[in-house]
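Q: Before I ask anything, here is the structure I am working with.
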Amino acid sequence: MGGPPYDCLANPLGAVRLTFEKAIWSESETPPIHPSAFNGKDWGALELFRHFLFQGSGLSQVPILNPKTLRWVQPNSLVRYRGMIQDMLGNEFYAGAYKDGNLWRTNKFMDVSQYPMGSSPDMCIWERRLLYCVPVPGQSSWTEPSSEMEPNWSSQTREKRRRMDDEDDDPMDLVPDDEIKSSPITKKMREDGLPSPSQSMDAKTTSSSSITSTFQSVDKDNLPCLVKIYDSPESELKLNDVFEFIGVLTFDSELAVEKDDNDELSNSFYDDALVHLPPNKVPRLHCLIHRKLAVQDFLPGSPIIEPKPHLVKETREALFRHLTAVLGNDEVAAHFVLLHLLSKVHARVDDVAVGKLSLNLTGLNKESVSVFGTRLSDTFKNLLPFTNCMPLTLEYLNTASLAPKKDYQANRLVPGVLQLPEGSHLMVDETQLESGSLNSTGIENTKLLKNLIEFQKVEYDFQYYKVEMATDVQLLIFSEGKSNIVPADVIVPFQPSCLESTEIPVAEALEAWRWYLATVRSLPHSIGSEIQKVVEDDLVAARQTDRSLGSRDFSRWLTMARLISSSFGETSLSKEHWEMVKEMERLRRERLK
């Protein structure tokens, strides 16, 4: 059957209804397909949106949902939401399709049925998943979209949408107004003082100020989102993963109305009390398409550049000079900080997280940390997409909630400080820690930090049992002496030679360094047979010279070798880079004497 070309951006639900109708009436000579054949799966709508977003260059037109865009974004329009999966709320059943007279209608990608469902026995109950998502903890401001301007939906596009709604005589999309007003459901709703479906539809056509007042309770700096997932296997979405969800932003005033016990009165088939997330605080997004985001996806407007060695080397030298200046001309510390920023867990062997390189800068006190710690914090916020700081005081250890905990009464996972996505950076300031006693919370938090830095795992507390969740967080610790609470892989006594640091990098340099850090840390790595023999001989000789060296030291050297090679854009270890590892270790150990 024919139909108007729906606007996927301003009227995505129209496109969904159109594809639903076409799928049911796929062959005019045969009876219509029963919706139960779909079993809630896609009937062709997703392909329409993929074409619009990725082949028709529509993705750039879709606004990213945040507290600023929420002021003008239209309900039932297409939006994007970028965030971390903070909690997985399970599945819910909904009336995915139902028969209205002789017509089949769909409720997919909606919270509220657009038309009265009545008590028709012809109904298909489908299932969808609920994800509670939040902005990524510690997300740097430069990763946010630069433009918050409202897309040009006014005049031509809105008029087109109104015209399509007026001209669409498809019985799937229209119910005569007098039929709605005379229906027993509407009459009963009027008697009870509830808004009728026609009133609700009238309300949806008002100006965008309505949604502003609707979400007036939203945190201006932190916008969570309840994402409803369709047509996706459970293995694709995991706790703490960072995703971009593209879908329909829904709101209906009926969700805020106290429901009557009579099911006939309610067109809503979602119970908000189930998850204690009122719609005026947590927007709903019905996901059409989702994609997992890597660090590179947060580089605004950066073209995809092949990491050629000469380009990487130039960028490396510039970044190293900047880090050296920030660290008071301490080149040894700058070398280790650079490798630390490139580290990531690339394999797990038993309990060993291969590739991590946590760093402990010692010789710092409250005064010096206020200078160099602040400088590094500002530098990391300019370079990394996700950065977090932890002031490790006695009071903080004894009171902070570091591990996520399950609240069975609210059926929610209460977030903890250490619930972080892969690629996060965490700075721990131990210079403020004074002597005192740890209570039970403090002891538990100390264990959590040690478990994180040693095994890159965090224990989630489900009251009756605990679950270890793998993570990948870069940890940098500031302390006066060697930290015993957060024992790092590398300890480097910090020895700055000056306090002044007047270098302010230009925007082009920052963009190049962000690209560099996001790209080279993912390069593959190998050790050729010739250099492998050299490495083995050197490790044996080092062990004979210093019996205190063990497998952890050698493992750290190999990790440093990989990181040095990657820092130059190389994918295999060379003799020159292996010599750099030995020299860095020699200089570091001299400072420890």
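Q: For the peptides 389-402, 545-558, 280-293, what is the packing order when you average, over each peptide's residues, the other Cβ atoms within 10 Å and list the highest mean first? Each step should come with its number before you reach the end.
A: Details: 389-402: 17.0, 545-558: 12.6, 280-293: 19.4.
By packing density, highest mean first, the sequence is 280-293, 389-402, 545-558.
Q: Given a Förster distance of 35 angstrom, what is the FRET efficiency for residue 57 paired with residue 314, based on the Cβ-Cβ distance and rounded to 0.05? Can you show the working numbers first?
A: Numbers: r = 33 Å, r/R0 = 0.93.
For residue 57 and residue 314, the calculated efficiency is 0.60.
Q: What FRET efficiency comes out for residue 281 versus residue 468 if R0 is 25 angstrom and r is the Cβ-Cβ distance? Round to the nearest 0.05.
A: Values: r = 32 Å, r/R0 = 1.28.
After rounding to 0.05, the efficiency reads 0.20.
Q: Determine the gain in length on full extension of the stretch residue 552-residue 500; use 0.36 nm per residue of separation and subtract their C-alpha separation, reporting nm with one decimal.
A: Result for the pair: 15.0 nm of gain on full extension.
Q: Considering the dipole of segment 491-593 built from charges on the beta carbon (Lys and Arg +1, Asp and Glu -1) around the Cα centre, which of 512, 581, 571 is farthest to its positive end?
A: The residue sitting farthest along the positive end of the dipole is 581.
Q: Here is a further query. Which one of 532, 592, 542 has its Cα pushed farthest toward the positive end of the charge dipole of segment 522-592, where Lys and Arg give +1 and Asp and Glu give -1 at the Cβ?
A: Final value for the positive-end residue is 592.
Q: A follow-up question, please. By its C-alpha gyration tensor, with a ≥ b ≥ c as the square roots of the eigenvalues, how is segment 465-593 shaped: rounded for a/c under 1.5, else prolate for a/b larger than b/c, else oblate? Provide the component values of the computation, followed by the final result.
A: Values: a/c = 1.33, a/b = 1.17, b/c = 1.14.
Rounded shape, in that the Cα axes give a/c under 1.5.
Q: What is the distance in Å between the Cα centres of segment 549-593 and segment 445-503?
A: Here the two parts' Cα centres lie 21 Å apart.
Q: Could you calculate the contour length gain from residue 291 to residue 405, that is, 0.36 nm times the residue separation minus the distance between their Cα atoms, to one decimal place in nm? Could you put the intermediate results ahead of the total?
A: On the way: separation 114, 0.36 × 114 = 41.04 nm, distance 2.73 nm.
Contour length minus the Cα-Cα distance gives 38.3 nm.
Q: In addition: I'd like the projected area of segment 307-519, averaged over all directions, using the convex hull of its alpha carbons. Report it in nm² with one decimal. Present the calculation step by step, with values, prior to reporting the outcome.
A: Details: hull surface 53.6 nm².
That works out to 13.4 nm², a quarter of the Cα hull's surface.
Q: For segment 307-519, what is the charge dipole size about the Cα centre, in debye to the nearest 20, if Lys and Arg each add +1 at the Cβ and Asp and Glu each add -1 at the Cβ?
A: On the way: 19 positive and 26 negative charges, 103 e Å.
Dipole magnitude for segment 307-519 comes out near 500 debye.
We did not get these values from a lab; they are worked out from the coordinates using the rules stated. A quick note: this is a predicted structure, and the numbers were derived from the prediction, not measured. Backbone-built Cβ (ideal geometry, glycine too); neighbour counts: all protein chains shown.
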